[in-house]
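Have a look at this one before I ask anything.
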Amino acid sequence: MPFLEEKPRFKGISLPPDGWVLTALLVIYIFTGLIGHDPWKNDDAISIGIVHDIIKHGNWLILQPAGRLYPDAPLYYWLAAGVSKLFSWLMPFHDAVRMTSGIFTLLSLEFILLAARELHGRQYAAAAPLILAGSIGFLFHAHEAQPMLIALTAHTTAYWSFALLPRQPRRAVVIFAIAFASGFLANGLLPVITLLPAMAITVSQSENRLHCLGLLFAGIGIAAIPCGAWLLAAYRVSPDYVVSFFQAEYSVLTQPINTGTNFLRYANLLLWYAWPALPLAAWSLWSKRRRPGAREIALPAASFLASLVMLTLLISLRSATTLLLLPPLVLLAVPGVETLRRGAANAFDWFGMVTFTFFTCIVWIGWSALVFGWPARLASQAVRLEPGFVGIFNAPAFLFALVCTGIWFWMIVTSPRSPMRGIMHWMAGLTLFWLLLASLWMPWIDYGKTFRDVSASLKKALPVETDCIAGVNLPLSFLTILDYFEEIRVVPQKSEQAAACSWLLMQGKQPELTKSGWRPIWDGNRPTDRRSSDKFYLYHRGRRAEPANNLTDLGPDDSTEPDPSVPSRAREE
């Protein structure tokens, strides 16, 4: 049954949302929570550490976070260095770096909107950015310093160019060239290889396949110019660095994988990661089953399936990599919004409203426990999870959260009946949930995730003048945080420099060290790190102790040379 126009008692947002409303909603969603917290472990800390090294030491071509070689595609770090220069006067450096992620997240949403307009028309194109932003996996990565976000932007741009190719071939070629170059310069071979299925489908559906193929190859040729320029410049500075880069890229595509298990892991991840895009895409396929070869269905459907098979065969499951599956899935899901039956649409709408209203209440109750100690049992649980945390009432954050909550209930009351209402409420509800977490719970979350206090405590334990510190079994993210916060650089334990080191820093306790003449000086960890293997220990070398580089059986060495068997963007999860 079609949706009937209705006039709500109070005027609300028109559906589909107009450009300004949609832009305002997405901007608030993206930039809230992007700033206001310290670098967090893994990709966020590593990316910020690389940009910090570029700004401080000028290592633009040879990436060296915390003094470690890190062969990786450089585009995100270059752009983040420029963006940090623009915003670091206004906010902490690490927050300024993350603004790059916000910019490219907005671009991804803009280009998926343009692609949806070309494939499905203007009426329901606004559903595409709402579905993409409403995907839980997208939220998971959109608020960290994450180079894969440029690869995601490259994919949404590429799908726009594929959709535009029949109507404006020259413009489409230029857009495709920019997307192809951006994908490679952001994350290496994986983003461009996963575009091959969409390219093949675009050619197969073209009226003049040879001409279409020539246009796409011309785009690749244009893209090769900036990619080749970077590789040539890096090779002139350090040939070994470029070789290590391609070794890492090759290894990620040839590592042994249990295909069946890997496919099940991807499938299980997508069930929540791609919600609600996945069920809407499934409904699109069913509702359009009589026209499976239509370009607006065949291009995203076949591209998604082929990309999923390709990732299953080549890449062990990693959350950030799965972002590349979202653009075709979202484009496939757009017709599902239009054709969803009224009962199913109302059920989806009610599910979103009830779910996020419930989560809103949970967040407010949790905030009350954190700040006022009520409910008492919940407050004691919060302190048990993060010992030492003391909640403080923040008036601006409270007022912001209160206004956002009021807007949510206003939207529920005033939204007109429309096929777009369910996805609009889902996106708005997810936005509200994230805004409340970022404004009310962020001090508690950051308290458990930051290494600022650990690094400061280590700095106090060290004398003003130290020869050097050798490191064992230290995650690269922790090394970059030490360098960023306290300017502490650690040399690899088995390197030649370690022979002169009087200090040894490691993760995980080694009782044998005290027998070897190394004295424990300090230990530290975050409140949330309860296992002894997560704790950091600092030792000082006694007169009769063996030099640090002669010690054995201490765990993995923090080598200056990257392990070529491990891809650069997949060394930490």
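Report yes if some residue within segment 251-263 is without any contact (Cβ under 8 Å) to a residue 24 or more places away in the chain, part of a helix (DSSP H, G or I) and not polar (S, T, N, Q); otherwise report no.
The answer is yes; a qualifying residue exists.
Could you list all residues from segment 546-555 that are surrounded by 14 or more Cβ atoms within 10 Å (Cβ to Cβ) and among the polar types (S, T, N, Q)?
Across segment 546-555, the qualifying residue is only N549.
Separate question: Those residues that are among the hydrophobic types (A, V, I, L, M, F, W, C), within 25 Å of G343 (Cβ to Cβ) and not in a loop (DSSP other than H, G, I, E, B), I need them from segment 409-467; list them, please.
Scanning segment 409-467 gives F409, M411, I412, V413, I423, M424, W426, M427, A428, L430.
Right, here's the next one. Could you go through segment 343-355 and let me know if any residue there is among the hydrophobic types (A, V, I, L, M, F, W, C), touching a Pro at 6+ places or on another chain (Cβ under 6 Å) and within 26 Å of Y266 (Cα to Cα).
The answer is no, given that none of the residues of segment 343-355 is among the hydrophobic types (A, V, I, L, M, F, W, C), touching a Pro at 6+ places or on another chain (Cβ under 6 Å) and within 26 Å of Y266 (Cα to Cα).
I've got another one for you. Going residue by residue through segment 287-294, is there one that turns out to be in the same structural domain as P191 (by TED's automatic domain parsing), assigned to a helix (DSSP H, G or I) and not polar (S, T, N, Q)?
no
Any residue at all in segment 314-321 that is assigned to a helix (DSSP H, G or I), at pLDDT below 90, within 23 Å of the chain's Cα centre (by Cα) and in the same structural domain as H120 (by TED's automatic domain parsing)?
Yes.
Restricting to segment 517-545, count the residues that are surrounded by fewer than 17 Cβ atoms within 10 Å (Cβ to Cβ) and of a type in the set (S, T, Y).
So the count comes out to 3.
Residues are listed down the side, and each one gets a yes or a no for (1) at pLDDT 90 or above; (2) outside the structural domain of V472 (by TED's automatic domain parsing); (3) surrounded by fewer than 24 Cβ atoms within 10 Å (Cβ to Cβ); (4) outside any loop (DSSP other than H, G, I, E, B):
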residue	(1), (2), (3), (4)
V27	no, yes, yes, yes
K41	no, yes, yes, no
W60	yes, yes, yes, no
Y70	yes, yes, no, no
Y77	yes, yes, no, yes
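Next up: Test L149 against the stated conditions and say whether it is modelled with pLDDT of 90 or more, under 10 Å from the mean Cα position of the chain (by Cα), assigned by TED's automatic domain parsing to the domain that holds L332 and assigned to a helix (DSSP H, G or I).
yes
Determine which single condition W286 fails, assuming it passes every other condition in (1) aromatic (F, W, Y); (2) under 30 Å from E118 (Cβ atoms); (3) at pLDDT 90 or above.
Unmet for W286, out of (1) aromatic (F, W, Y); (2) under 30 Å from E118 (Cβ atoms); (3) at pLDDT 90 or above: (3).
Tally the residues that are assigned to a helix (DSSP H, G or I), within 22 Å of L332 (Cβ to Cβ) and either basic (K, R) or not assigned by TED's automatic domain parsing to the domain that holds G33 (or both), restricting the search to segment 80-129.
Total meeting the criteria: 1.
The values are calculated or read from the model by the stated rules, or taken from the named source; none is laboratory data. What you see is a predicted model; the values in this text were computed from it and never measured. Neighbour counts run over all protein chains shown; Cβ positions are idealised from the backbone, glycine included.
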